[in-house]
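Read the structure below first, then the notes.
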Amino acid sequence: MAKPRTTTPSTWRRRLVEGLTCGLVSALAVVVVALRLTDEDWHSSPLPIPVLWLAGVVTTAVLAVVVLLLAGRRRSHPVHLLVPLASMVVIPMGVTAGGQARDKWAIAICWAVVVLVVHLALAMAARPVSARRALLAALAIVVAPTGAVLVERFSQVAWRADDFRAVGVPLVMVDVPGFHAVRAGAGNYSVAIVLSDHHRADTSTGPTLRVVIEPARGRERCDGTTDRVLIEPSYDDRLSIVEFCLGDAPYEITVTSYSAADSRDSSDREQWSLGPLMNLMALRPVSAEDLARLPPANVSEPD
């Protein structure tokens, strides 16, 4: 009767070395690629996808050499080669699921840990196959990326707050009677806040205000002021705009009124004026965290 195969200490050491070595190769590739691509706009630039594919192919080739060197002629574990190929799909999806705000170093480290755990799990589950080890490996492979996504989700407020601080403009709220802040977004040089006459983030119905805080555009009436200055509102065929100067006037605050129909059929635009609300508006300092807790708003910044 054949004796059952057992896992010796030397086998465990070999598996640990194999998992760590392969894992470090993949983790290094993830860090390099994440630091390069995390802040890229995947919708407007064709660069990220070719870079991602190239990184996956190169990492797979390096891993193939590593696996052959570790296994020698006795046994190879080609399953490790699937990790960088799978990462090309899983990691971008995970980063997207984590939220719009991103810290490239945190994301790089999180997903580097994920691929390291996956390689270790695959190494530990190698032959002789055990149902218990296979189950634990499968659990680790599922839990690791899920944990990375959760870290991103729970970090959204902190990361978005950093984005608002990084803009460098004063963070203030324009309080308007009957309106509530429902969205906020940080751009490269401006902060946008959307106010609505209801508490929902959906601005598809009802009048809406858009507040933009940005560096002053050189208006003479803003020069040399030490207090807030309210500029007379300007109008066109559908917008009512109120501008403020803030502090010593390096910044402007623009409040624009529009209705939900403004973004759809131009023949059905609803016009309304901010004139009656001008003297009721007030500026109130807010923290970056207050803005970060609001749902994201689109920020349009002309070059």
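The values are calculated or read from the model by the stated rules, or taken from the named source; none is laboratory data. Nothing here was measured: the structure is a model prediction, and the numbers come from that model. With ideal geometry, Cβ positions are generated from the backbone for all residues, glycine too; neighbour counts draw on all protein chains shown. These area figures cover heavy atoms from the full protein model, side chains too; ligands, DNA and RNA do not enter into them. Shrake-Rupley method; radii C 1.70, N 1.55, O 1.52, S 1.80 Å.
May I ask you to verify whether LEU139 is free of Cβ contacts under 8 Å to residues at least 60 places away in the same chain, within 30 Å of ARG14 (Cβ to Cβ) and assigned to a helix (DSSP H, G or I)? Write out each step before concluding.
On the way: free of Cβ contacts under 8 Å to residues at least 60 places away in the same chain: yes; within 30 Å of ARG14 (Cβ to Cβ): yes; assigned to a helix (DSSP H, G or I): yes.
Yes: the conditions hold for LEU139.
From the residues in region 255-303 that are assigned to a loop (DSSP other than H, G, I, E, B) and touching a helix residue (DSSP H, G or I) at 6+ places or on another chain (Cβ under 8 Å), which one is modelled with the lowest pLDDT? Lay out the reasoning, then the answer.
Here is the first cut: in region 255-303, the residues assigned to a loop (DSSP other than H, G, I, E, B) are 264-265, 269-274, 281, 286-287, 293-295, 297-303.
Then keep just the ones that are touching a helix residue (DSSP H, G or I) at 6+ places or on another chain (Cβ under 8 Å); that gives 269-270, 287, 293.
Details: ARG269: 41, GLU270: 48, SER287: 95, ARG293: 94.
Ranking the qualifying residues of region 255-303, first place goes to ARG269.
Please identify the pairs in which a residue from region 170-183 that is touching a residue at least 24 places away in the same chain (Cβ under 8 Å) and among the small types (Gly, Ala, Ser) has its Cβ atom under 8 Å from the Cβ atom of a residue that is surrounded by 18 or more Cβ atoms within 10 Å (Cβ to Cβ) and part of a strand (DSSP E or B), counting only partners at least 6 apart or on another chain.
Between residues of region 170-183 that are touching a residue at least 24 places away in the same chain (Cβ under 8 Å) and among the small types (Gly, Ala, Ser) and residues that are surrounded by 18 or more Cβ atoms within 10 Å (Cβ to Cβ) and part of a strand (DSSP E or B), the close pairs are ALA181/MET173; ALA181/ILE193; ALA181/VAL194; ALA181/LEU195.
Among all residue pairs at least 6 apart or on different chains, which show Cβ distances below 6 Å where the first residue, located in region 284-303, is among the aliphatic types (A, V, I, L, M) and the second is open to solvent by 70 Å² or more (accessible area, probe 1.4 Å)?
Listed pairs, sorted by first residue: ALA288/ARG165; LEU294/ARG183; ALA297/ARG183.
Going through region 77-91 one residue at a time, which ones are buried (at least 23 other Cβ atoms within 10 Å of the Cβ) and of a type outside the set (A, V, I, L, M)?
Once the filter is applied, which keeps residues that are buried (at least 23 other Cβ atoms within 10 Å of the Cβ) and of a type outside the set (A, V, I, L, M), region 77-91 yields HIS80, PRO84, SER87.
Please find, among GLY56, GLY94, the residue that is of a type outside the set (Val, Ile, Thr), open to solvent by less than 80 Å² (accessible area, probe 1.4 Å) and within 15 Å of PRO145 (Cβ to Cβ). Full working, then the answer.
Values: GLY56 fails: within 15 Å of PRO145 (Cβ to Cβ).
After applying the criteria, what remains is GLY94.
Considering each of LEU150, LEU135 in turn, give the residue that is more than 30 Å from SER287 (Cβ to Cβ) and either open to solvent by 30 Å² or more (accessible area, probe 1.4 Å) or of a type in the set (Phe, Trp, Tyr) (or both).
Being more than 30 Å from SER287 (Cβ to Cβ) and either open to solvent by 30 Å² or more (accessible area, probe 1.4 Å) or of a type in the set (Phe, Trp, Tyr) (or both) holds for just one of LEU150, LEU135, which is LEU135.
Six or more apart or on different chains, Cβ atoms under 8 Å: show the pairs whose first residue is in region 29-56 and closer than 21 Å to LEU82 by Cβ and assigned by the TED database to the domain that holds ALA106 and whose second is open to solvent by 50 Å² or more (accessible area, probe 1.4 Å) and modelled with pLDDT under 85.
From region 29-56, the pairs are ILE49/TRP42.
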